[in-house]
Amino acid sequence: GPDGALWFTEIGAGRIGRITVTGDLTEYPLPDPAARPHAVAAGPDGALWFTEWGSGRVGRITVDGRVTSYPLSRTDCEPHGIAVHDGALWCALETGSLARIQVPA
């Protein structure tokens, strides 16, 4: 991540995790325990962005653990993969399409 730590998802537990190079572990529970976070990527805004395939949303977590979720146009789209390119987030959806989300810098 932008803070030098490794960020990861805990799908079944509904959490985003962070581990530092010294081994310190922090887990951030998501507001919706059924969100099923699937993938995480560093965004152009200095935060981490992740997919919530259980709830049809993408989430944003700051390096200090503040979480915000944003609904996609369809709740049944099941977002899985996420990547950042040219200032935008790209999400691979289970429905066979991509979602592009512009992120303010």
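The numbers here are math on the coordinates, done by the rules we state, and not lab data. Keep in mind the model is a prediction, meaning the values are calculated, not measured. Cβ atoms come from the backbone with ideal geometry, glycine included; neighbour counts cover every protein chain shown.
Brief remarks follow.
- VAL63 being assigned to a strand (DSSP E or B) and surrounded by 14 or more Cβ atoms within 10 Å (Cβ to Cβ): no
- Residue, surrounded by the most Cβ atoms within 10 Å (Cβ to Cβ), within the range 1-18, restricted to residues that are of a type outside the set (Val, Ile, Thr) and in a loop (DSSP other than H, G, I, E, B): GLY14
- Residues of the range 19-37 satisfying the condition of being assigned to a strand (DSSP E or B) and within 21 Å of GLY54 (Cβ to Cβ): GLU27, TYR28, PRO29, PRO37
- In the range 72-83, of all residues being over 12 Å from the mean Cα position of the chain (by Cα) and surrounded by 12 or more Cβ atoms within 10 Å (Cβ to Cβ), the one that is nearest to ILE16 (Cα to Cα) corresponds to GLU78.
- The one condition in (1) in a strand (DSSP E or B); (2) free of Cβ contacts under 8 Å to residues at least 24 places away in the same chain; (3) among the polar types (S, T, N, Q) that THR51 fails to fulfil: (2)
- Residue check for PRO37: within 13 Å of the chain's Cα centre (by Cα) and either farther than 14 Å from ALA83 by Cα or of a type in the set (A, V, I, L, M, F, W, C) (or both): yes
- Sole exception among (1) among the basic types (Lys, Arg); (2) free of Cβ contacts under 8 Å to residues at least 12 places away in the same chain; (3) touching a strand residue (DSSP E or B) at 6+ places or on another chain (Cβ under 8 Å) for ARG66, by number: (3)
- When residues of the range 1-10 are limited to those that are in contact (Cβ under 8 Å) with a residue 40 or more places away in the chain and closer than 22 Å to GLY54 by Cα, the one farthest from the chain's Cα centre (by Cα): TRP7
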